[in-house]
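Scroll down for the structure; my scribbles are underneath it.
The values are calculated or read from the model by the stated rules, or taken from the named source; none is laboratory data. All values derive from a computational prediction rather than experimental measurement. With ideal geometry, Cβ positions are generated from the backbone for all residues, glycine too; neighbour counts draw on all protein chains shown.
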């Protein structure tokens, strides 16, 4: 009714057709040229590689097993020295600090509002 008249007047003024406002979808935006490959080195599928797999570094598992399985009374999460101690203490400090912060926030949130 009135909306149809307004739409027709707008189409006459702008010179558009009835269905011009409907987008055709993603088709025109899809590039017709294939993009260049991201990895230029040839890749192998797992089935093509066979039973032999190439690693980038040396196998350190036996050395780490010796370190972690040594019975010297040190907990396993501190076996590798100073860095492990720093990481452990930082993690515990942040955990305790976060718990205290949550308790303070809960305490503040539980207080009645002043009017």
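Structure notes:
- Residue in the stretch 86-105 that is touching a helix residue (DSSP H, G or I) at 6+ places or on another chain (Cβ under 8 Å), modelled with pLDDT of 85 or more, in a helix (DSSP H, G or I) and surrounded by 10 or more Cβ atoms within 10 Å (Cβ to Cβ) present: yes
- Within the stretch 67-85, the set of residues being in contact with a helix residue (DSSP H, G or I) (Cβ under 8 Å, 6 or more places away or on another chain) and part of a helix (DSSP H, G or I) comprises 68, 76, 77, 78, 84, 85.
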